[in-house]
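Any read-out appearing in this document is the output of simple, stated calculations on the displayed coordinates, not a laboratory observation. Not measured: the values here are computed from a predicted model. Neighbour counts run over all protein chains shown; Cβ positions are idealised from the backbone, glycine included.
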Amino acid sequence: MQSESIAYLFFAKSLTNMSSTAVQCAYIGLGAMGKSMAGHIARKITSLNYPPLLVYNRTQARAEDFQKENPQISKAASSLEEIAKKADIIFSCLLNDAAVQETVKALKPHLKSGAILVESSTIAPAIAQDLAKQLKEKDVTYIACPVMGPPVKAASGDLTVLMAGGNPETREKVKSLLIPVIGKKAIELGMDDVAESLRLKLCGNYYITGLVELIAEGMTLGEAAGVGQQHVKELLDCVFPNTLLGVYAGRMLNNTYRDQVAFSMSAAKKDVNHIMEMAKDVKASVPITEVFLDHLNQVQAEQGDLDLSAVVGKLRQKAGLDFDLKKQ
């Protein structure tokens, strides 16, 4: 009971300290995920009477459009240098490992001592460790904070947040701006190794990609066997209601993978390669991931960068069916 009281007082003190200072927050990366997350954070910091959220995107027009859509609570920054010099807490969600490394390289010479960088991109765990080490030398805290959930969950503020790195006080400052803001739940991992949250995120994406392969095989099996993929989808909805099984089965049934890209093949491929590298390092076996990657590579080469649910097309072709199940 005493430990709970101490924890509460510590948290309350953290919030009080933040409220007494005009903390400048910034957000880098306004893609499908980042735009929604930045919007939630902008509204949160406004409620705390903080300055408007500084936003930056490599394509400047996106930052300017964000400011127009969120007047009074956001301000477009003209450069990463401006972000680094002004911001106390910087959030970012970027496309890939290279984009994160390039961004940190541009920020690093200008970052304020004591600043916090909260990185939500899915990158290789080793890269996160290297960036944390680099920034520590500049008295900057790096928190690896990947999120689980598609763009629709980002829009509704229902992501799952994974956190690693940062001391207790720093982590509470960040967490208070994320929960319940961009998500309702944070899974907190170790403070010494920022790679822990990335490893957990890769475990999560292992399930997503493996599930897509599983559903694609089952939908194709039902169609090829003559029972119809629509009945496979109906069965999944009955036995596993309100789950990703039904969501991905619906995308495959309706062939929405061309015009509704929630998780692109290029992004999935990046994550799958990280999963396989992690598995190799720890001598774990992930055969379903290997099969999924083979199908993904074939579809991407033949069809382009579709939603990852398009792997079903390759399974259909192997079964003698049309990629999009169009009637001959």
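Over the residues of the chain, the helix contribution to mean residue ellipticity at 222 nm works out to -17500 deg cm²/dmol, using -39500 (n - 2.57) for each DSSP H run of at least 4.
In this structure, E102 and K283 have a Cβ-Cβ separation that, at R0 = 35 Å, corresponds to a calculated FRET efficiency of about 0.60. Between A76, G166, V272, whose Cα lies farthest towards the positive end of the dipole of the chain when Lys and Arg beta carbons carry +1 and Asp and Glu beta carbons carry -1, centred on the Cα centre? Positive-end residue among those listed: A76. In this structure, the pairs whose alpha-carbon distance is over 25 Å, taken from K185/K283; K133/K173; K184/K233; K86/K175; K153/K233; K35/K138, are K185/K283; K184/K233; K35/K138.
In whole Å, how far is the Cα centre of the range 180-218 from that of the range 53-88? Between the Cα centre of the range 180-218 and that of the range 53-88, the gap is 29 Å.
Sorted on the mean count of surrounding Cβ atoms within 10 Å across their residues, most packed first, peptides 183-194, 157-168 read 157-168, 183-194. Extents of the chain, taken as max minus min of Cα coordinates on every principal axis and listed largest first, are 67, 47, 35 Å. Of all beta bridges that DSSP places with both ends in the chain, some 15 percent have antiparallel geometry.
Taking trypsin sites (Lys or Arg not before Pro) across the range 235-321, the ones in a DSSP loop with at most 15 further Cβ atoms lying within 10 angstrom of their Cβ are R258, K283. For the chain, the relative contact order works out to 13 percent when only alpha carbon pairs closer than 8 Å and six or more residues apart are counted. The alpha-carbon of K314 sits under 18 angstrom from the alpha-carbons of these lysines, leaving out residues fewer than 8 places away in its chain: K269, K326, K327.
Remark: I179, I215 ranked as I179, I215, counting other beta-carbon atoms within 10 Å and listing the fewest first. Along its principal axes, the range 2-193 has C-alpha extents of 52, 35, 32 angstrom, given from the largest down. A viscosity of 1.567 mPa s and a temperature of 4 °C, combined with the Kirkwood radius over C-alpha pairs in the Stokes-Einstein formula, give the range 200-318 a diffusion coefficient of 90 µm²/s. Spread over its residues, the convex hull of the C-alpha atoms of the range 25-109 is 78 Å³ per residue.
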